[in-house]
Amino acid sequence: MSECPKCGGTDIAIIFWGLPDGSEFLKEAVKRKIIVFGGCIVSKNNPEMECNDCGWRY
């Protein structure tokens, strides 16, 4: 995916904004830390990625 601009880590998750649908695909992706939940309020300035190493959102 990419490299964290804060710590240089490469274990990066995509941030999912909005209301999750509860699908098995989404549950599995969250379990594997490929996707993390960002919240229900969606704006143009929301970060898109989160580092699983340090927690930085960018």
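Okay, here's what the table says:
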item: Verdict on Phe25 being open to solvent by 60 Å² or more (accessible area, probe 1.4 Å), aromatic (Phe, Trp, Tyr) and touching a helix residue (DSSP H, G or I) at 6+ places or on another chain (Cβ under 8 Å); result: no
item: Residue in region 1-16 that is among the aliphatic types (A, V, I, L, M), assigned to a loop (DSSP other than H, G, I, E, B) and touching a residue at least 40 places away in the same chain (Cβ under 8 Å) present; result: yes
item: Filtered residue count, region 36-58, keeping only those that are among the basic types (Lys, Arg) and touching a residue at least 12 places away in the same chain (Cβ under 8 Å); result: 1
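The values are calculated or read from the model by the stated rules, or taken from the named source; none is laboratory data. In this text, all values refer to a predicted model and were calculated from it rather than measured experimentally. Every residue, glycine as well, gets a Cβ built from its backbone with ideal geometry; the counts of neighbours run over all protein chains shown. The accessibility values were calculated without ligands, DNA or RNA, using every heavy atom of the protein model including side chains. Shrake-Rupley method; radii C 1.70, N 1.55, O 1.52, S 1.80 Å.
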